[in-house]
1. Just how far, in whole angstrom, is the range 122-139 from the range 49-95 if you go by their alpha carbon centroids?
2. Cβ neighbours within 10 Å, averaged per peptide: list 120-130, 15-25, 95-105 in order, most packed at the top.
3. At a Cα cut-off below 18 Å, give the aspartates and glutamates reachable from Lys326, other chains included and same-chain residues fewer than 8 away excluded.
4. Reachable lysines from Lys359, Cα under 26 Å, same-chain residues fewer than 8 places away excluded?
5. If we sort 329-340, 410-421 on the protection proxy, mean other Cβ atoms within 10 Å, highest first, what's the order?
6. Which one, Gly22, Gly59, Phe116, projects farthest toward the positive side of the charge dipole computed for the range 1-124 from Cβ point charges (K/R +1, D/E -1)?
7. May I ask you to evaluate 6.51 cos²θ - 1.76 cosθ + 1.60, the Karplus curve with θ = phi - 60°, for each residue of the range 68-82 and list the ³J(HN,Hα) values in order in whole Hz, giving x for glycine and proline?
Amino acid sequence: MEDGDGNVDRVYYVISDLHIGGDEQLEIVDFLDELLGFLERIERTDENAELVINGDAFGLWEFTTVDGTEKFDVLTETYPELFAQLRATGESVPITMIPGNHDHELAAYDEYVERFAEYNVDLVQAQSVRRRVGDRTIHFEHGHQQDPNNRIADWGNKHATPLGYYYNTLVTSRAGKLSDRGRFNWLKDVQAVTPTERMPVWLGSKYFYREMNPLLRYALVPFLLLFNVSAILAVLVGLDIVGIWSVPVDRTTAFLGRFGVAGTAAWFLLAINVAVAGLLVLVGIPLYFLRRDVRKTVDRFGVFETSLTVDTEEPYVEAARDVFEKRPETAVFCYGHTHRPRMQRVDGGLLVNTGTWLKRLHRRDGIIGILPPVFYPSYQLCTVRIASDAETGGVAVEYEAVDKPSPATEELTLTERLFTVGREPDVELPDRAVLTGAPSHDPDAAVAAEPTE
């Protein structure tokens, strides 16, 4: 644990989870211009500022063709503008970087400290750092230590390989090598799929909307859209055949007959759908019970997305409570890792997530039918600014957005855009919050401008 320099008037800008670098297509950085612009801006600031890069600045796990500090050479050769700007910004504003899980190797080789120092970046090979703000302190950590799949017990050991390491070297890196072989270059966005349990659903969605032969997809869309209706009609047709209830079928036939050729075409389409849906219903009844039992078993292993694997924030709440209890002067527990910018009050402090600069994918399930979900892309580029509040004497935390348009128009098919009209994600960031008063564990301790999640 490293203490700050005691400067109570310092302003802290915090970013994390840039994930820069990796094999082949993973080297593409969509937000490079925005990042350079941000670094240029704080280079010219009149504030007594410090930039904290709170883990996963680089995707070192995603490099599989070079080892050790050779990865640094690849980074400087691939992103010369970025390292030049780090050097320029670091001449005016101190830059502190701590390793995350994807760049844990930064803590394993002392040479990295020297190499980053050449670019005016202070690499701290620790799991966390502290900084003073007013009469309180800020706890910074990347957050992967609270994630059992990415926790690194032997910190600084270059051979440390948690489960997440294998996922990224075997799956993510491979995706970077294969991405440009598809009809569209989408597989490189594998890093944006969080939690990783969503991977099977995401792959199925992208296959359907991007890789499937368009003629086959457009032939399936009407059937999938009308599947729920067709399943109900199949049951009604069955009731009609056995002579139990024929009214719904008779009325449907009479209604469609009013529209001439169009009605006949609709009847023909429904007939095909009903026939297929009826067959699936008959087969699906026994398969349903088998699927439910298999799914319960699979869920216990956390392979697919469940309520137990999505947006789990409780470990960070507990970690913050532990820090606030052991060090009551701590006002803010600041972390990243989960890629979700959020802020909430925990006991007498604030729990703050710095989000990610990667693309974010928002799942939108179909309203009707059984179409695959759409993963709507957006950016939530942001920095977190932490400083003393002049009016209250407390600690102010606010998110500053970095504008970048949504890539939905370029990356979603027409079908996907139609199915998500009116359901575009709300990418607003949490509101500014001010923590006032002396250190306290009282849950009713004063917080001006209640933070939103």
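Where a number appears in this text, it was derived from the coordinates with a stated rule and is not lab data. The structure presented is a predicted model; accordingly, all values stated were derived computationally and were not measured. Heads up, the Cβs are rebuilt from the backbone with ideal geometry, glycines too, and the neighbour counts pull from every protein chain shown.
1. 20 Å
2. Result, highest mean Cβ count within 10 Å first: 95-105, 15-25, 120-130.
3. Correct list for Lys326: Glu2, Asp3, Asp135, Glu141, Glu318, Asp347, Asp442.
4. Lys71, Lys177, Lys188, Lys206, Lys404
5. Going from most to least packed, we get 329-340, 410-421.
6. In the range 1-124, that residue is Phe116.
7. Coupling constants for the range 68-82: x, 6, 4, 5, 5, 4, 5, 4, 5, 6, 7, 10, x, 5, 5 Hz.
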